[in-house]
Amino acid sequence: MLAAAVFGGLSTLTPVPGQARPVTVRRTVPEVKPRPVPPPPDCSRVKCVALTFDDGPAESTGKLLDVLAARKVKATFFVVGENVVRYPELVRREHEAGHEIGDHSYTHADLGRASKEKARSELTRTQDAIRRVSGVTPVLFRPPYGSMSKRLTGITRKIGLAQVLWTVDPLDWEHRDSEYVKKRVLKSVKPGYVVLMHDIHPTTVKAVPRIIDRLAAEGYVFVTVSELFGGRLTPGKEYLQLNSGEAQGLP
Ligand SMILES: [Zn+2]
């Protein structure tokens with residue numbers, strides 16, 4: 001009986017002529033690339049800095065991703081929803097490289113002055129666009145123009161977005177000059193700071209390798225925004241820099 005049962009079991013694996021074997025079917029399913037997850041550094045002990053890039057993606061974002069990959073640096077991208085739809089592959093690349101992706105509204109709108117309906121729509125449409133492309137719903141929001149309001153804070157709290165501002169702003173959108181951007185960033189960075197730049201400007205992208213190399217030589221570790229704050233960001237709350245003061249002797 002046992003032998004017959006085993007034989008019967010084996011016989012079901014024998015391919016039937018003209019029919020695909022199950023193993024062949026499995027091979028046609030594309031493999032899901034696991035997102036790389038190295039342990040994040042403890043930013044209360046090491047010199048961390050979060051590089052953030054707003055307004056993209058754009059043509060120049062691809063070059064920036066090459067620069068970051070070559071140096072194994074992680075960053076945070078605050079993307080504009082309509083650009084996510086325009087360049088889905090770049091957003092996918094950002095995600096697969098382990099960068100963090102945040103919401104920067106759908107049309108780069110002034111949400112601090114927008115109606116409740118408009119603000120909510122700008123934010124949720126961007127969340128949806130990012131999720132469709134990367135599979136991940138963002139938990140960070142950077143207000144365009146830094147424009148905020150109590151009403152906007154209420155909305156972000158409800159839809160699960162922490163509000164991320166910055167502590168270093170080289171005004172790269174105004175100064176399309178790589179040397180100027182590099183100097184402004186290097187002059188202002190301190191441990192625990194959040195640096196605001198724009199990957200839509202080739203002049204900024206050109207400044208990034210020199211900014212990274214110099215900060216790395218000074219012992220800085222590059223982290224995403226969520227890593228900087230220990231992965232515990234509260235929806236609705238505003239974040240500017242790590243330990244706004246005492247802990248690391250920050251101003
Ligand atoms: Zn912006």
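The values are calculated or read from the model by the stated rules, or taken from the named source; none is laboratory data. Computed from a predicted model, the values in this text were never measured in an experiment. A quick note on method: Cβ atoms are made from the backbone with ideal geometry, for glycine too, and the neighbour counts reach across all protein chains shown.
Things to note:
- Whether a residue is under 21 Å from the mean Cα position of the chain (by Cα) and at pLDDT below 95 was assessed, and residue 230 passes this test.
- Residue satisfying condition, being over 21 Å from residue 86 (Cα atoms), assigned to a helix (DSSP H, G or I) and of a type in the set (Gly, Ala, Ser), within set 129, 216: 216
- If the condition is being aromatic (Phe, Trp, Tyr) and either touching a Lys or Arg at 6+ places or on another chain (Cβ under 6 Å) or within 14 Å of residue 235 (Cα to Cα) (or both), then the stretch 134-155 contributes only 141.
For every residue, the table says whether it meets (1) within 13 Å of residue 200 (Cα to Cα); (2) within 13 Å of the ligand (Cβ to nearest atom).
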{"residue": "55", "(1), (2)": "yes, yes"}
{"residue": "65", "(1), (2)": "yes, no"}
{"residue": "72", "(1), (2)": "no, no"}
{"residue": "79", "(1), (2)": "yes, yes"}
{"residue": "102", "(1), (2)": "no, yes"}
{"residue": "121", "(1), (2)": "no, no"}
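- Sub-7 Å Cβ pairs linking a first residue in the stretch 196-221 that is farther than 10 Å from residue 53 by Cα to a second residue that is buried (at least 16 other Cβ atoms within 10 Å of the Cβ) and among the basic types (Lys, Arg), at least 6 apart or interchain, are 207/182; 210/182; 211/182; 219/47; 220/47; 221/47, ordered by first then second residue.
Okay, residues lined up against (1) closer than 19 Å to residue 162 by Cβ; (2) touching a strand residue (DSSP E or B) at 6+ places or on another chain (Cβ under 7 Å):
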site: 93; (1), (2): no, no
site: 98; (1), (2): no, no
site: 101; (1), (2): yes, yes
site: 112; (1), (2): yes, no
site: 115; (1), (2): no, no
site: 122; (1), (2): yes, no
site: 126; (1), (2): yes, yes
site: 130; (1), (2): yes, yes
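- Residues (within 16 Å of the ligand (Cβ to nearest atom) and not polar (S, T, N, Q)) located in the stretch 133-159: 138, 140, 141, 142, 143, 144, 145, 146, 148, 152
- Flag for residue 197 being within 16 Å of the ligand (Cβ to nearest atom), assigned to a loop (DSSP other than H, G, I, E, B) and in the same structural domain as residue 77 (by TED's automatic domain parsing): no
- Count of the stretch 125-147 residues which are touching a Leu at 6+ places or on another chain (Cβ under 8 Å) and more than 12 Å from residue 103 (Cβ to Cβ): 2
- Residue check for residue 46: within 13 Å of the ligand (Cβ to nearest atom) and either under 17 Å from the mean Cα position of the chain (by Cα) or surrounded by fewer than 18 Cβ atoms within 10 Å (Cβ to Cβ) (or both): no
- Answer residue from the stretch 157-214, given it is out of contact with any His (no Cβ under 6 Å at 6 or more places or on another chain) and among the polar types (S, T, N, Q) and is surrounded by the fewest Cβ atoms within 10 Å (Cβ to Cβ) among those: 188
- Qualifying position, being more than 25 Å from residue 231 (Cβ to Cβ), among the acidic types (Asp, Glu), in contact with a Leu (Cβ under 7 Å, 6 or more places away or on another chain) and touching a residue at least 12 places away in the same chain (Cβ under 8 Å), among 94, 122, 82: 122
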